[in-house]
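Chemist: One structure is given below, represented as structure tokens, and several questions about it will come after.
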Amino acid sequence: MDEEIRRLALVHAIRNALKYGKARPGPVIGKVLADRPDLKQRIAEVREIVQQVVEEVNSKPEGEIQRIAEELGVLREEKRGKEERKWPPLPNAEKYERIVTRVAPEPNGYPTLGHVKGLMVPFVYARRYGGEFHLRFEDTNPRVERLEFYDAIREEFLSITEAAERVLGLAPGRWDREIVESDHLPELYGYAEQLIRQGDAYVCTCPAREVRLNRARGRECPHRSQSVEENLELWHGMLEGRFGEGEAHLRLKTDMRHPNLTMRDPGIFRIIEHPHPIHGDRYRVYPNYDFAVSVMDSLTGVTHAFRSKEFEPHVDVQRAILEKLGLRQYEMIQFGRITVEGLPLSKRHIRPLISAGILWGWDDPRIPTLKGLKRRGITPEALVLLMYDMGPSKVDATVTMDAIAAYNRKWLDPRVPRYMFVADPIKAEIEGVPGDLVAEVRVHPDRPEMGTRRIEVPASDGVARVYVSWSDHRSLEPGQEIRLRGLANVRVRSVMPDGLALTYLPEVRTDVKIIHWAPVEGAVPAVAISPTSAYSFESMGGFGEPAMSELREGDLVQLIRFGFARVDGRDGETVRLIRSHG
Ligand SMILES: [Zn+2]
């Protein structure tokens, strides 16, 4: 009996400690009694046990508390509770034998951070429900679509879903089916013809301006009362090229006085005289968004279609199209958009910066395209964890670069090797060394299994030479004792504007200021570029330790006392790094 009370007290004390750092007896007693009201008669006993347990818990280090929490299943419960609040069950999931979701990007640009939510939400749900996940290219506006964007989307999306498999265990980390909407154009034409034959669509040749006015005023145009035969004839005329772009379009016949303006005989097919990135000149008539998305979702078995909430007024149109065609309906779910504070996310803003030469391209590390973030050293794992914590919320959200950096740091910190990089180097001479100096530095301070590196600093005539950074140099004072990380303790003899004179000290002490350094002999020239905004960056030159010559493009590292960075490439001997964040 006492054991039972003790166990209950422990669970609540651990919860309390996890939440507030320390457990407090009062709330723990309250929780215990809430679980077991019968114990109110034994309150004195309960209080005593809780006091003991709370003291024990508070005396344990944090790691131990985590371990006990794990053992008691407290962490799992907490995590599950949190996830369920963030990722509510899908509506009407039980109506469907198998959940099918999709992400449906238009290949009209390089994917950005904003796309990650549109990808993650349907992907997480498909995997959670053991369902099917599709990647569908909505490529029915050839004027803005390019082949390279299909590939960029495939590549970037795959790196995200693969990361989701690695960090969240959502397998398989890729889509189950790829669909290219434009491959289905003949089928879509068939549905258009069905609507015409049913009297539910008509070809309108009014100029665009008039159509807009009529829709705003709720006025019908003469084309609305054309016969089926006339409409079929005009429709074939559209397909065969008897009309130019903008001269005719197919409209759904609904209600020109509908309170939702998008419902007033919306256009469903239009002429676009521009070669398609896949089909070239084969087609000239393309469906509008509402027609393509609703028919394709229905035909490909989608049960839950997610889209960002600015499409909400279109739900009526899409439902009307499906209804008239007698096609299967499905769940339509809206979610809020993501923007990055202070950074342009839209193509409209990024493109001119690229043309003006301010940005280096779509992979510029200053912008939140997925290519740019990757080049900056932001891992897909960090983006996955960030989006997962944000959940499928319907509210528009702003993400700061600091938040992205926090997730990335947490992911990289235990994993990437450390290097010493000396920015704005100043030469320091260490006098009185007994011979060549050798530093043994750990590749990662907390992970001995990652090994150590030897850095040799040759001495001649009792003098060894290293670089230290200008910012350290200017903070030093004569007489001060410092430690050159992993190498030796030294006393500052004199601080000159362009140099530093140090005296070697034989004993090792780590309770003094520790600074990083690079040997003069074998130092690797390096430049670190820090993005500061979409328009600017800071560039710092310096020397890295000799092992930095082995770094390859794409390597992620932590530069000690400088920040996390990604190797961007080389310019001759010089290693070029992009600083991700501190
Ligand atoms: Zn008309």
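Chemist: Please enumerate the residues belonging to the range 28-44 that are within 20 Å of residue 73 (Cα to Cα) and not aliphatic (A, V, I, L, M).
Modeler: 31, 35, 36
Chemist: With part of a strand (DSSP E or B), farther than 17 Å from residue 439 by Cβ, assigned by TED's automatic domain parsing to the domain that holds residue 424 and aliphatic (A, V, I, L, M) as the only criterion, which of 490, 495, 466 stands out?
Modeler: Of 490, 495, 466, the one residue that is part of a strand (DSSP E or B), farther than 17 Å from residue 439 by Cβ, assigned by TED's automatic domain parsing to the domain that holds residue 424 and aliphatic (A, V, I, L, M) is 495.
Chemist: I'd like to know if the range 230-237 contains one or more residues that are in contact (Cβ under 8 Å) with a residue 12 or more places away in the chain, within 16 Å of the ligand (Cβ to nearest atom) and polar (S, T, N, Q).
Modeler: Yes, the conditions are met somewhere in the range 230-237.
Chemist: Here is a check on your reading of the model: is residue 155 modelled with pLDDT of 95 or more, surrounded by fewer than 20 Cβ atoms within 10 Å (Cβ to Cβ) and either away from the ligand (no atom under 14 Å from the Cβ) or assigned by TED's automatic domain parsing to the domain that holds residue 134 (or both)?
Modeler: Details: modelled with pLDDT of 95 or more: yes; surrounded by fewer than 20 Cβ atoms within 10 Å (Cβ to Cβ): yes; either away from the ligand (no atom under 14 Å from the Cβ) or assigned by TED's automatic domain parsing to the domain that holds residue 134 (or both): yes.
Here the answer is yes, as residue 155 does meet what is asked.
Chemist: Moving to a separate point now. I need a count of the residues in the range 96-114 that are part of a helix (DSSP H, G or I) and at pLDDT 95 or above.
Modeler: Residues meeting the conditions: 0.
Chemist: Only residues that are within 14 Å of the ligand (Cβ to nearest atom) and either outside the structural domain of residue 312 (by TED's automatic domain parsing) or in a loop (DSSP other than H, G, I, E, B) (or both): list them for the range 249-277, please.
Modeler: Across the range 249-277, the qualifying residues are 253, 256, 264, 265, 266.
Chemist: Taking the criterion of being over 18 Å from residue 462 (Cα atoms) and within 35 Å of the chain's Cα centre (by Cα), would at least one residue in the range 482-494 satisfy it?
Modeler: No, the range 482-494 contains no residue that is over 18 Å from residue 462 (Cα atoms) and within 35 Å of the chain's Cα centre (by Cα).
Chemist: Turning to a different aspect of this structure: Go through the range 171-198 and report how many residues are surrounded by 13 or more Cβ atoms within 10 Å (Cβ to Cβ), among the small types (Gly, Ala, Ser) and either within 16 Å of the ligand (Cβ to nearest atom) or within 33 Å of the chain's Cα centre (by Cα) (or both).
Modeler: Going through the range 171-198 one residue at a time, the tally reaches 2.
Chemist: For the range 509-532, does any single residue satisfy the condition of being under 30 Å from residue 374 (Cβ atoms), in contact with a Leu (Cβ under 8 Å, 6 or more places away or on another chain) and among the small types (Gly, Ala, Ser)?
Modeler: yes
Chemist: Here's another thing I want to ask about it. Report yes if residue 71 is part of a loop (DSSP other than H, G, I, E, B) and of a type in the set (Asp, Glu), otherwise no.
Modeler: Spelling it out, it is not the case that residue 71 is part of a loop (DSSP other than H, G, I, E, B) and of a type in the set (Asp, Glu).
Chemist: Return the residues of the range 428-451 that are modelled with pLDDT under 95, assigned to a strand (DSSP E or B) and farther than 18 Å from residue 482 by Cβ; say none if nothing qualifies.
Modeler: 440, 442
Chemist: Out of all the residues in the range 404-446, which are closer than 13 Å to residue 582 by Cα, of a type outside the set (D, E, K, R) and surrounded by fewer than 16 Cβ atoms within 10 Å (Cβ to Cβ)?
Modeler: 406 - this is the single residue of the range 404-446 that is closer than 13 Å to residue 582 by Cα, of a type outside the set (D, E, K, R) and surrounded by fewer than 16 Cβ atoms within 10 Å (Cβ to Cβ).
Chemist: Given the conditions (1) closer than 28 Å to residue 336 by Cβ; (2) touching a strand residue (DSSP E or B) at 6+ places or on another chain (Cβ under 8 Å), which single one is not true for residue 371?
Modeler: The number of the failed condition is (2).
Chemist: Give all pairs with beta carbons closer than 9 Å in which a residue from the range 505-526 that is without any contact (Cβ under 8 Å) to a residue 40 or more places away in the chain meets a residue that is in a loop (DSSP other than H, G, I, E, B) and aliphatic (A, V, I, L, M); count only pairs at least 6 apart in sequence or on separate chains.
Modeler: These pairs meet every condition: 513/476.
Chemist: Determine which member of the set 132, 138 is in contact with a Phe, Trp or Tyr (Cβ under 8 Å, 6 or more places away or on another chain) and modelled with pLDDT of 95 or more.
Modeler: Residue meeting the stated conditions: 138.
Chemist: In addition: Could you tell me which of the residues 241, 326, 280, 246 is within 16 Å of the ligand (Cβ to nearest atom) and either at pLDDT 95 or above or surrounded by 16 or more Cβ atoms within 10 Å (Cβ to Cβ) (or both)?
Modeler: 246
Chemist: Within the range 206-223, how many residues are away from the ligand (no atom under 12 Å from the Cβ) and in contact with a Lys or Arg (Cβ under 9 Å, 6 or more places away or on another chain)?
Modeler: Summing the residues that are away from the ligand (no atom under 12 Å from the Cβ) and in contact with a Lys or Arg (Cβ under 9 Å, 6 or more places away or on another chain) in the range 206-223 gives 2.
Chemist: Shifting gears a bit: Taking into account only those residues within the range 552-568 that are acidic (Asp, Glu) and more than 12 Å from residue 412 (Cα to Cα), which is surrounded by the most Cβ atoms within 10 Å (Cβ to Cβ)?
Modeler: Restricting attention to the range 552-568, the residues satisfying the condition of being acidic (Asp, Glu) are 553, 555, 568.
Retained after the next criterion (residues that are more than 12 Å from residue 412 (Cα to Cα)): 553, 568.
Values: 553: 12, 568: 20.
My answer is 568.
The values are calculated or read from the model by the stated rules, or taken from the named source; none is laboratory data. Note that the coordinates shown come from a computational prediction; the quantities given were computed from them, not determined experimentally. Methodologically, a virtual Cβ is constructed for each residue, glycine included, from the backbone with ideal geometry; neighbour enumeration extends over all protein chains shown.
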